1. Go through segment 223-243 and give me each residue that's more than 14 Å from the chain's Cα centre (by Cα) and crowded, with 19+ Cβ neighbours inside 10 Å.
2. Which of the residues that make up segment 213-262 are within 16 Å of Asp193 (Cβ to Cβ), of a type in the set (Ser, Thr, Tyr) and modelled with pLDDT of 95 or more?
3. Identify, by number, the condition in (1) touching a Cys at 6+ places or on another chain (Cβ under 7 Å); (2) modelled with pLDDT of 90 or more that Gly49 doesn't meet.
4. Out of all the residues in segment 118-129, which are surrounded by 22 or more Cβ atoms within 10 Å (Cβ to Cβ), touching a Leu at 6+ places or on another chain (Cβ under 8 Å) and charged (D, E, K, R)?
5. Can you find a residue that is within 17 Å of the chain's Cα centre (by Cα), farther than 17 Å from Tyr239 by Cα and charged (D, E, K, R) anywhere in segment 186-193?
6. Out of Val110, Val115, Val95, which single residue is under 29 Å from Tyr208 (Cβ atoms), surrounded by 23 or more Cβ atoms within 10 Å (Cβ to Cβ), under 18 Å from the mean Cα position of the chain (by Cα) and not hydroxyl-bearing (Ser, Thr, Tyr)?
7. Provide a single number: the residues in segment 164-190 that are within 23 Å of Arg124 (Cβ to Cβ), touching a strand residue (DSSP E or B) at 6+ places or on another chain (Cβ under 7 Å) and surrounded by fewer than 24 Cβ atoms within 10 Å (Cβ to Cβ).
Amino acid sequence: MGASARIHRIRPAAAIGAVGCIAAALAGCGSSGNTSSTSAANANPAAVGADLPKIDPANFVSHVNNPYLPYKPGTMWRYRGVMKDGHTPQTDTVVVTNQTKRILGVDCVVVRDTVTSNGKPVERTFDWYAQDLQGNVWYMGEQTQELKHGQWGKMIDSGPAGLNGAQPGVIMEGAPRVGDFYWQFHWPGHALDKGKVLRLGAPVSVPYRSFPRALLTQEQSPLEPGIRDWKWSVPGLGYVKEKARRGSHEQIRLVSVTRPGA
């Protein structure tokens, strides 16, 4: 999962040899340049195996209030865990800003995600999300910065959907069903992120609280075939835990939430 665990990130291509994986994935998804509209009646317009969707700005709303990913401006989540070695501590602070960014004609909510380790900043990311009329939350890209020589710098492999072949995908379904398998972000040569619904009503315990019924999803990419990440999301709260189930020892768990006006 790169330098650090975050609640979401674009998975970069690990090596030039990944080109073969990209070609295979494109062939498998059936995309030949055709697109389907986001206003279609599909439960998930970004389903793996279907044509990559075409974004219709008229099918989007100005807020993100999906119960499993309620990104209300001013909300802050703080997570603690360890990096991929299983020992190096890290803290992940996620803040929904009051900013928006227009991507593909859609005004997206800007979420700032800052990773620190031993009190020192490591990585800062601005993620862009938008919700359609069906309640699906789309991941529209990111701008990731690493701290180098005391200053934040823009990474090469970060940018919005609609540029250089990058296409958005669904990061959280409006009506998740076990077995749903969908694109989260599709950027040939850089990222081929997929999500899968594993379970509804999964119990989970984190330092913040225990919950009897969470949504459990898996994230994966053919560019990192040995990695599987599991995420637990609680209605009305959002992500509470992320853990690498294969290929890494990273994990982060929710320790606190601050809501607007609290």
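1. Leu223, Glu224, Ile227, Val234, Leu237
2. The answer is Thr217, Tyr239.
3. Evaluating Gly49 over (1) touching a Cys at 6+ places or on another chain (Cβ under 7 Å); (2) modelled with pLDDT of 90 or more leaves (2) as the failure.
4. Of all residues in segment 118-129, those surrounded by 22 or more Cβ atoms within 10 Å (Cβ to Cβ) come to 123, 125, 127-129.
Filter once more, so that each one left must be touching a Leu at 6+ places or on another chain (Cβ under 8 Å): 123, 129.
Within segment 118-129, just Glu123 meets the criteria.
5. Yes, segment 186-193 contains at least one residue that is within 17 Å of the chain's Cα centre (by Cα), farther than 17 Å from Tyr239 by Cα and charged (D, E, K, R).
6. Working: Val110 fails: surrounded by 23 or more Cβ atoms within 10 Å (Cβ to Cβ); Val95 fails: surrounded by 23 or more Cβ atoms within 10 Å (Cβ to Cβ).
Of the residues listed, the single one that is under 29 Å from Tyr208 (Cβ atoms), surrounded by 23 or more Cβ atoms within 10 Å (Cβ to Cβ), under 18 Å from the mean Cα position of the chain (by Cα) and not hydroxyl-bearing (Ser, Thr, Tyr) is Val115.
7. 1
Yes/no matrix, rows are residues, columns are (1) under 26 Å from Asp180 (Cα atoms); (2) touching a helix residue (DSSP H, G or I) at 6+ places or on another chain (Cβ under 6 Å); (3) among the basic types (Lys, Arg):
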position: Ala47; (1), (2), (3): yes, no, no
position: Ser62; (1), (2), (3): yes, no, no
position: Pro67; (1), (2), (3): yes, no, no
position: Pro70; (1), (2), (3): yes, no, no
position: Arg78; (1), (2), (3): no, no, yes
position: Val82; (1), (2), (3): no, no, no
position: Val94; (1), (2), (3): no, no, no
position: Gln99; (1), (2), (3): no, no, no
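The values are calculated or read from the model by the stated rules, or taken from the named source; none is laboratory data. On a predicted model such as this, the values are computed, not experimentally measured, just so you know. For neighbour counting, all protein chains shown are included, and Cβ atoms are generated from backbone atoms with ideal geometry for every residue, glycine included.
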